[in-house]
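Working notes, structure below.
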Amino acid sequence: MEEGRPTERAGVRRARMTVAYDGTDFHGWASQPSLRTVQGELENALRTVLHLDAPPETTVAGRTDAGVHARGQVVHVDVDALDDDALQKLLRGLNGILPDDLQVFQVRPVSDHFDARFAALARRYSYRYVDAPAVDPLERHTVVFHPWRLDVNAMNDASHRLLGLNDYTAYCKRSEFGTSIRTLQEFNWHRDEYGVVVARITADAFCHSMVRSMVGAMVHVGDGRKPVAWPKQLLDAGERTSHVAPARGLVLEEVVYPADEDLLARQEFTRATRDASELD
């Protein structure tokens, strides 16, 4: 069965899971032989709890890289038709055997037209920097230390210039497949109550390394090494930046989906390859 296509098998039910993990000790989301990954741990736990002969195939909203965290990752999996009570038992069973750095917050039934990857309207990430003299040891896996004071106003000015529908080749790791055309819906910075510099970044989708590349460029603006106009100049020129921020400061916070009646239309729109004609 093609990934994400609605299942027509009798007695099968699609379940949506909200998953959180500390990415520090994972080699990213995607399964890799002999390496510890989020997908590998989760699928093996599903096999155990559901008493399957082999791990079931999961589909994820966003394949996070090694060291990247998630608080609101979304996964779907097709399982034997389970009632609501059985799904709650599945939730408890998974969390009973999953490691402390990977937990499932919710399991619920969804339409066969739900697809964690292709039906998503938006993904929201956060990124956190500390420019104080020291990092709280309890936060060391989720923040990045920066030795110079960051100008949040300058970073906001530069970030806002990247918003909209654009070709983000300058901020994406090159790939022979797919497209780097995305709609960046939100990119702003603020200091939280503890003085941590926090970015909030939302787009319909992100290509590989896009968030960390944009964040890395903004830090060069924030500490004065580059002018406010520089990140937009890179975007316009399609010139690949090498300033990629470390993985540990990045968290996938939320994935947004349309109403059930719009799921299939959203899938069809997302699956269509985007091209430069949209930028005219």
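The values are calculated or read from the model by the stated rules, or taken from the named source; none is laboratory data. Keep in mind that what you see is a predicted model, and the values were worked out from it rather than measured. Here the Cβ positions follow ideal geometry from the backbone for every residue, glycine too, while neighbour counts run over all protein chains shown.
Collect the residues in the stretch 155-193 that are part of a strand (DSSP E or B), among the hydrophobic types (A, V, I, L, M, F, W, C) and within 17 Å of Gly216 (Cα to Cα), keeping them in residue-number order. Lay out the reasoning, then the answer.
So in the stretch 155-193, the residues part of a strand (DSSP E or B) come out as 164-167, 181-191.
With among the hydrophobic types (A, V, I, L, M, F, W, C) added as a condition, the list becomes 165, 181, 184, 187, 189.
Within the stretch 155-193, Leu184, Phe187, Trp189 qualify.
Only one residue in Ala170, Ala154 is closer than 16 Å to Met210 by Cβ, assigned by TED's automatic domain parsing to the domain that holds Ala203, surrounded by 16 or more Cβ atoms within 10 Å (Cβ to Cβ) and among the small types (Gly, Ala, Ser). Which one? First the steps, then the outcome.
Numbers: Ala154 fails: closer than 16 Å to Met210 by Cβ.
Sole residue among the options that is closer than 16 Å to Met210 by Cβ, assigned by TED's automatic domain parsing to the domain that holds Ala203, surrounded by 16 or more Cβ atoms within 10 Å (Cβ to Cβ) and among the small types (Gly, Ala, Ser): Ala170.
What residue, among those in the stretch 128-143 that are within 22 Å of the chain's Cα centre (by Cα) and in a loop (DSSP other than H, G, I, E, B), is modelled with the lowest pLDDT?
Arg140
What pairs come up if the first residue lies in the stretch 214-229 and is outside the structural domain of Asn166 (by TED's automatic domain parsing) and buried (at least 23 other Cβ atoms within 10 Å of the Cβ), the second is assigned to a helix (DSSP H, G or I) and not charged (D, E, K, R), and their beta carbons are under 6 Å apart, counting only those six or more places apart or on different chains?
none
Hey, any hits in the stretch 84-107 for a residue that's of a type in the set (A, V, I, L, M, F, W, C) and either assigned by TED's automatic domain parsing to the domain that holds Ala203 or touching a Phe, Trp or Tyr at 6+ places or on another chain (Cβ under 8 Å) (or both)?
Looking through the stretch 84-107, at least one residue is of a type in the set (A, V, I, L, M, F, W, C) and either assigned by TED's automatic domain parsing to the domain that holds Ala203 or touching a Phe, Trp or Tyr at 6+ places or on another chain (Cβ under 8 Å) (or both).
Could you figure out which of (1) modelled with pLDDT of 95 or more; (2) closer than 24 Å to Ala205 by Cα; (3) part of a loop (DSSP other than H, G, I, E, B); (4) not polar (S, T, N, Q) isn't true of Pro99?
(2)
Is it the case that Tyr125 is outside any loop (DSSP other than H, G, I, E, B) and over 25 Å from Ala237 (Cβ atoms)?
No, not satisfied.
Among the residues of the stretch 195-209, is any in a strand (DSSP E or B), closer than 19 Å to Phe118 by Cβ, at pLDDT 95 or above and assigned by TED's automatic domain parsing to the domain that holds Asp151?
yes
Condition first: closer than 30 Å to Arg271 by Cα and among the aliphatic types (A, V, I, L, M). Now tell me which residues in the stretch 119-146 satisfy that.
Matches in the stretch 119-146: Ala119, Ala120, Leu121, Ala122.
Restrict the check to the stretch 18-32 and report whether at least one residue is charged (D, E, K, R), part of a strand (DSSP E or B) and on the phi < 0 side of the Ramachandran plot. Outline the logic, then answer.
Of the stretch 18-32, the ones charged (D, E, K, R) are 22, 25.
Now drop any that are not part of a strand (DSSP E or B), which leaves none.
No, the stretch 18-32 contains no residue that is charged (D, E, K, R), part of a strand (DSSP E or B) and on the phi < 0 side of the Ramachandran plot.
This table checks each residue for (1) of a type outside the set (Ser, Thr, Tyr); (2) over 19 Å from the mean Cα position of the chain (by Cα).
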residue: Tyr171; (1), (2): no, no
residue: Trp189; (1), (2): yes, no
residue: Tyr194; (1), (2): no, yes
residue: Arg200; (1), (2): yes, no
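Looking at the stretch 230-252, which of the residues that are surrounded by fewer than 17 Cβ atoms within 10 Å (Cβ to Cβ) and of a type in the set (D, E, K, R) is nearest to Thr183 (Cα to Cα)?
Asp236
Only one of Ser175, Ser159, Ser180 is within 28 Å of Ala265 (Cβ to Cβ), more than 17 Å from the chain's Cα centre (by Cα), of a type outside the set (A, V, I, L, M, F, W, C) and in the same structural domain as His220 (by TED's automatic domain parsing). Can you tell me which?
Result of the check over Ser175, Ser159, Ser180: Ser175.
If a residue must be more than 30 Å from Phe269 (Cβ to Cβ), in contact with a helix residue (DSSP H, G or I) (Cβ under 9 Å, 6 or more places away or on another chain) and outside any loop (DSSP other than H, G, I, E, B), how many such residues does the stretch 69-91 contain?
At the first step, the residues of the stretch 69-91 found to be more than 30 Å from Phe269 (Cβ to Cβ) are 80, 82-86, 88-91.
Narrowing the set further to residues that are in contact with a helix residue (DSSP H, G or I) (Cβ under 9 Å, 6 or more places away or on another chain) leaves 80, 82, 89-90.
Filter again for outside any loop (DSSP other than H, G, I, E, B), leaving 80, 89-90.
The total comes to 3.
If you scan the stretch 192-213, which residues turn out to be surrounded by fewer than 24 Cβ atoms within 10 Å (Cβ to Cβ), of a type outside the set (Val, Ile, Thr) and more than 18 Å from Thr169 (Cβ to Cβ)?
Within the stretch 192-213, Asp192, Glu193, Tyr194, Gly195, Arg200 qualify.
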